[in-house]
Amino acid sequence: MASMVSLSNAIGFSHTTNHNTLFSTSLCKLNYSSNMVEMKTFSQQGCRKIGHDRRCFRVYGLYGGRKENNEKSDDATSKVTLSGNQQPIRTEITKAAKELRPEREILLRPNFLSTQPIKSKLKSFHFSKGFVQQSGGKNTNEVPQNADFPRQYSRKEKKPFPVPIVELRRAARERIKKMKDVPKKKPMPAPKNGLLVKNLIPYAYDVYNARITLINNLKKLLKVVPVHACGWCSEIHVGPVGHPFKSCKGTQANRRNGLHEWTNAHVEDILIPVDTFHLYDRLGKRIPHEKRFSIPRIPAVVELCLQAGVEIPEFPTKRRRKPIIRIGKKEFVDADESELPDKVPDNPTTPLLAEIPDSEIVAPVNKEEVVHLAEETLQAWEQMRRGTKKLMRMYQVRVCGYCPEIHVGPSGHKAQNCGAHKHQQRNGQHGWQAAVIDDLIPPRFVWHVPDVNGPPLERELRNFYGQAPAVVEMCIQAGAALPEQYKSTMRLDIGIPSTLKEAEMVV
């Protein structure tokens, strides 16, 4: 069979009376090894005039394109056939086209199909990912301001790796090559040697206090900002009334036609609790399946702060003052610390905050207090996420690729409690991989309400509304300034039609 390559739509020409306009029919490069036809670029040679005007025609490339006995695969001419009269013609790959590098291959656009040489065209343009830069001009961003919503993965789909496997293997090979000339007995840096990273201890206290401040402020904001939660699924909505979208996936959702049944939300609905096992020694043996109930579970952010240097009497943690001694790839012994003087407990420079009970929560009185509380809440949210990112660069955090289980430590635990899709094939074991900030602190996106005092959201105008994290949406409705990094998903520059008839006219 023959593979057809149509050029009429890509070139975009039609009947014309301009006799001086030329059209080039090369370059069709046939790869005989893979039996594929690859379109590379256009050149000035091989022009063909058909009468006094140009007409659309198609070029057919045959699989395996026959070669003569004295022809080679690189320099051989490719045989193609015209669909009009089926007369064979020959096209040759010009020398100028071979000199063009792959990154300088131009697009099939009509503005490039002119009598001006291709190389002169390429000199005035520079193509990059998402940008087009003209010589002597400014960068113009082709990517629109509005970004897509975060993707919702199904229960049957595994989470993607933060770094692709191909990149990890390439980095491992390069690391092995560099280690050939490096002495093997190289001291390990902290925290791999069991010691703390001293410059990250203040960040650990800031993250811990920012989390407590965020929880206390959210309890106060719930008194003045209405937040609704569905009684059947995990979806929430920030606004005077719940949204009318049919997106409920809870029990008996078919009987309700996907509509939500809204109730009052709590702090746990806005700030999703993510718990993990508390490790007394983060370099110790992995937690076996039999001890999964005897080890306490605490919030993952708190466990990360404990391993980074925060001292909490309720959760003791082993602190080493000397680096460990490696005796094998996975075996080590603690250094002798008997000769060191007794450790005196240091008072933390930053005092630890405590959560306020629900019975002692006092709502803000006036508008100024509400705005100040919203600004402080948004600042605590950003400080907690920013500090957690810095801690995760040095202290490893693992997440299961199939379920939301989190483990703070160099390697995941051995508890066989994964209940995700096809967990029977893994005997309930988790598929550990590197975690990202959204695994440790889920942002919990909700629909953005353009005008709180205006009309509620309409079901037919769903494509015109944006989304934002629940904490950010609460602070915005309370009067806080909108951060720049959340504007891309909120679709603030999109005009919302006032009627359904206007929405149907939008192309």
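The values are calculated or read from the model by the stated rules, or taken from the named source; none is laboratory data. Only a predicted model underlies this, so the values are computations on that prediction, with no experimental measurement involved. Cβ sites come from the backbone with ideal geometry, for glycine too, and all protein chains shown count toward neighbours. For the accessible areas, the whole protein counts, side chains as well, though only heavy atoms, and no ligand, DNA or RNA atoms are used. Shrake-Rupley method; radii C 1.70, N 1.55, O 1.52, S 1.80 Å.
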Return yes or no: is residue 242 free of Cβ contacts under 8 Å to residues at least 60 places away in the same chain and either touching a strand residue (DSSP E or B) at 6+ places or on another chain (Cβ under 6 Å) or closer than 29 Å to residue 377 by Cα (or both)?
yes
Filter segment 375-426 down to residues that are hydrophobic (A, V, I, L, M, F, W, C), touching a His at 6+ places or on another chain (Cβ under 8 Å) and surrounded by 21 or more Cβ atoms within 10 Å (Cβ to Cβ), then give me how many there are.
4
Residue identified as in contact with a His (Cβ under 6 Å, 6 or more places away or on another chain) and either more than 17 Å from residue 302 (Cα to Cα) or β-branched (Val, Ile, Thr) (or both) among 434, 480, 468
468
All but one of (1) farther than 22 Å from residue 463 by Cα; (2) in contact with a strand residue (DSSP E or B) (Cβ under 8 Å, 6 or more places away or on another chain); (3) in a loop (DSSP other than H, G, I, E, B) hold for residue 252; state the number of the condition that does not hold.
(2)
Name the one entry in 323, 351, 357 that is open to solvent by 80 Å² or more (accessible area, probe 1.4 Å) and not β-branched (Val, Ile, Thr).
351
Filter segment 225-241 for residues that are more than 11 Å from residue 262 (Cβ to Cβ) and crowded, with 18+ Cβ neighbours inside 10 Å and give the result.
225, 238
Need pairs with beta-carbon distance below 6 Å; first residue in contact (Cβ under 8 Å) with a residue 60 or more places away in the chain and part of a helix (DSSP H, G or I) and within segment 172-201, second surrounded by 10 or more Cβ atoms within 10 Å (Cβ to Cβ) and not basic (Lys, Arg); sequence gap 6+ or separate chains.
200/308; 201/309
Tally, over segment 304-316, of residues that are β-branched (Val, Ile, Thr), in contact with a Phe, Trp or Tyr (Cβ under 7 Å, 6 or more places away or on another chain) and surrounded by fewer than 17 Cβ atoms within 10 Å (Cβ to Cβ)
0
Yes/no for residue 253 being of a type outside the set (Phe, Trp, Tyr), within 30 Å of residue 447 (Cβ to Cβ), open to solvent by less than 90 Å² (accessible area, probe 1.4 Å) and at pLDDT below 95:
yes
Find the residue count for segment 447-475, including only residues that are in a helix (DSSP H, G or I) and at pLDDT below 95.
6
Hits in segment 118-175 (condition: polar (S, T, N, Q) and either under 30 Å from residue 400 (Cα atoms) or at pLDDT below 50 (or both)):
120, 124, 128, 133, 134, 135, 139, 140, 141, 152, 154
For segment 256-286, name all the residues that are farther than 30 Å from residue 320 by Cα, open to solvent by 70 Å² or more (accessible area, probe 1.4 Å) and of a type in the set (D, E, K, R).
261, 268
Counted residues, segment 360-374 - those being touching a residue at least 12 places away in the same chain (Cβ under 8 Å) and open to solvent by 90 Å² or more (accessible area, probe 1.4 Å)
2
Any residue that is open to solvent by 20 Å² or more (accessible area, probe 1.4 Å), over 28 Å from residue 439 (Cβ atoms) and out of contact with any helix residue (DSSP H, G or I) (no Cβ under 6 Å at 6 or more places or on another chain) - is there at least one of those in segment 186-205?
yes
